[in-house]
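The values are calculated or read from the model by the stated rules, or taken from the named source; none is laboratory data. What you are looking at is a predicted structure, and each value in this text was computed from that prediction instead of being measured. Here the Cβ positions follow ideal geometry from the backbone for every residue, glycine too, while neighbour counts run over all protein chains shown.
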Amino acid sequence: MKRYLVGGAVRDALLGLPEGDRDWVVVGAHPQEMLDAGYLQVGRDFPVFLHPQTREEHALARTERKTAAGYRGFEVHADPAVTLEDDLLRRDLTINAIAQNEAGALIDPHGGQRDLVDKVLRHVSEAFLEDPVRILRLARFAARFDGFTVADETMALMRRIVESGEVDALVPERVWQELARGLMEATPSRMFTVLRACGALARLLPEVDRLWGVPQRADYHPEVDTGVHLMMVLDMSARLNGSLAVRFACLGHDLGKGTTPEQLLPRHLGHEGRSVALVREVCDRLRVPVACRELAEVVAREHGNVHRSGEFGAAALVRLLERCDAVRRPNRFAEMLLACECDARGRLGLEASAYPQRERLGRALELARNVDSAAVVEQAAARGVTGPGVGDAIHQARSDAVAAGLGAIA
């Protein structure tokens, strides 16, 4: 029995990146031998074991045979006769098909080290065609590794996967998982550029794909093209260390511009409502987590008002806070403001511009939250005010507080 460090741990060490999870391939072993040695079996579809001390994953060397559509349509064969080279041949990219033995020697039958130096994402074999998830994984690696390009022959295989309909067989949970991971990479725009180049974006996220070629007003958007703007916004969300919810909200904030009637171009009147409806469709289809969905909806609906909020008086500011449920959910409101800043700065030549709306609205919320609502309710009751009038009294008290503090935040 021999074991080899494989995949991302080897790749990242060669790139000089911080060490993450370490995965191992075990050659020449039966499952029972692993159990007898104290390993804990955790794999359902194929034998994967946790080391008794380190808890690192150890998978028996295996091969795969395509049996049905989709990424689950595989028959896995794990046997002591399967060699390390057999196992590496089934992997997705050459840079992920490098192994290291326990003495530190590298085994690299597919030129992964060369591709790391040349910054190329290249498939290992034609088996790449069999798993549509590999398109998403490759696109995610493009977003993670700066300057890496996709080999022409690999891009051709990705287009073949799309044309075959295999991408359509992907389950929503897996699409969301890879999309979420890609959004959290250093340059998320690169993921969408790759998906668009091979045709997968039109199948997985047509609401996003249709934004390219849609014009916007040049006085607000020097980059003009809506798709280009969206990519700039996503990269700004990474630059400003936005959470997954913030980055997803950035992805969905302008979806309605892709359905603007031609006679309304390039102004996009009413695109906010259309964006909310499309965000909901995407979230339903991909089963997006509630926190991401809720933030994306409120950003799509209100980002224009946030941008214009510098012109608002106290009452209008409080109405905006109330629509966003900001008093009750200040943390979500803070994420909303960050997403709006990403939108404002994700424009050609405006990347370093200030966004005073974020600070001003944050201060307005602080003033509104300092109002003692219980005392306002008590005072209203003493005056005989009931029903909707109580809400009006709270709104007025908050507006008065914000108005009194505007001098410090104007």
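Looking across Val299, Val279, one residue alone is of a type in the set (Val, Ile, Thr), within 16 Å of Ala344 (Cα to Cα), crowded, with 24+ Cβ neighbours inside 10 Å and at pLDDT 95 or above. It is Val299.
Taken over the range 306-315, the residue count meeting the criterion of being buried (at least 18 other Cβ atoms within 10 Å of the Cβ), of a type outside the set (Ser, Thr, Tyr) and assigned to a helix (DSSP H, G or I) is 2. Out of the residues in the range 1-32 that are assigned to a helix (DSSP H, G or I) and at pLDDT below 90, state the one that is surrounded by the fewest Cβ atoms within 10 Å (Cβ to Cβ). So, considering only residues that are assigned to a helix (DSSP H, G or I) and at pLDDT below 90, the one surrounded by the fewest Cβ atoms within 10 Å (Cβ to Cβ) is Gln32. Kindly indicate which of Ala403, Ala375 is assigned to a helix (DSSP H, G or I), assigned by TED's automatic domain parsing to the domain that holds Arg308 and free of Cβ contacts under 8 Å to residues at least 60 places away in the same chain. Checking each option against the conditions leaves just Ala375. Among the criteria (1) on the phi < 0 side of the Ramachandran plot; (2) surrounded by fewer than 20 Cβ atoms within 10 Å (Cβ to Cβ); (3) at pLDDT 90 or above, the one Gly73 does not fulfil is (3). Which members of the range 248-282 meet the condition of being small (Gly, Ala, Ser) and assigned to a loop (DSSP other than H, G, I, E, B)? If the condition is that a residue be small (Gly, Ala, Ser) and assigned to a loop (DSSP other than H, G, I, E, B), then Gly270 is the only one that fits.
In the range 98-132, of all residues being touching a residue at least 40 places away in the same chain (Cβ under 8 Å) and among the small types (Gly, Ala, Ser), the one that is surrounded by the fewest Cβ atoms within 10 Å (Cβ to Cβ) corresponds to Ala127.
From the residues in the range 146-200 that are more than 21 Å from the chain's Cα centre (by Cα) and either assigned by TED's automatic domain parsing to the domain that holds Phe248 or assigned to a loop (DSSP other than H, G, I, E, B) (or both), which one is surrounded by the most Cβ atoms within 10 Å (Cβ to Cβ)? Among them, the one singled out is Ala151. From the list Leu321, Leu348, the one residue that fits, being assigned by TED's automatic domain parsing to the domain that holds Ala296, in contact with a Pro (Cβ under 7 Å, 6 or more places away or on another chain) and of a type outside the set (D, E, K, R), is Leu348. If the condition is being part of a helix (DSSP H, G or I) and not small (Gly, Ala, Ser), then the range 237-247 contributes Arg239, Leu244, Val246, Arg247.
When residues in the range 204-218 are screened for being under 19 Å from the mean Cα position of the chain (by Cα) and either more than 27 Å from Leu269 (Cα to Cα) or surrounded by fewer than 16 Cβ atoms within 10 Å (Cβ to Cβ) (or both), 1 of them pass.
For Leu321, are the conditions met, namely being closer than 17 Å to Leu204 by Cα and part of a helix (DSSP H, G or I)? So Leu321 does not fit the description; no. Counting only residues that are hydrophobic (A, V, I, L, M, F, W, C) and at positive phi, the range 182-223 holds 0 of them. Among the residues in the range 158-171, are any more than 25 Å from Ser125 (Cα to Cα) and out of contact with any strand residue (DSSP E or B) (no Cβ under 7 Å at 6 or more places or on another chain)? For the range 158-171, residues more than 25 Å from Ser125 (Cα to Cα) and out of contact with any strand residue (DSSP E or B) (no Cβ under 7 Å at 6 or more places or on another chain): absent.
When the range 338-386 is filtered for residues that are within 21 Å of Asp325 (Cβ to Cβ), surrounded by fewer than 13 Cβ atoms within 10 Å (Cβ to Cβ) and among the small types (Gly, Ala, Ser), only Ala374 remains.
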